[in-house]
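J.: Have a look at this one before I ask anything.
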Amino acid sequence: MDHTSDQPWGRLTGLLAAAGAMLIGVLRNLDPDVILQRALVSGLIVGLVVGLLSRILQSLGDDD
């Protein structure tokens, strides 16, 4: 069973991390290319880690 459509925690937290990185970059008056790079990297890393942890926890919880 594909759990990615059931609970998209990785995508959600990745988007929130990217938005947070963008806001921090704007508040610190960084260059747009630096803001974009940091937002992409933080969104990808946080999204992948949370998605992986979510899948691990779901597979541990599945007793089927």
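Just so you know, all these numbers are worked out from the coordinates, no wet-lab data involved. Bear in mind that the values here come from a model prediction, so they are computed numbers and not experimental data. Every residue, glycine among them, receives a Cβ derived from its backbone with ideal geometry; neighbour counts consider all protein chains shown.
J.: For the chain, place one equal point scatterer on every Cα, skip the solvent, and apply the Debye formula. What is log10 of I(q)/I(0) at q = 0.14 Å⁻¹?
T.: -0.47
J.: Here's something else I'd like to know. Going by how many other Cβ atoms sit within 10 Å of their own, how do Ile56, Ile24, Ile35 line up, fewest first?
T.: Going from least to most buried by this count: Ile56, Ile24, Ile35.
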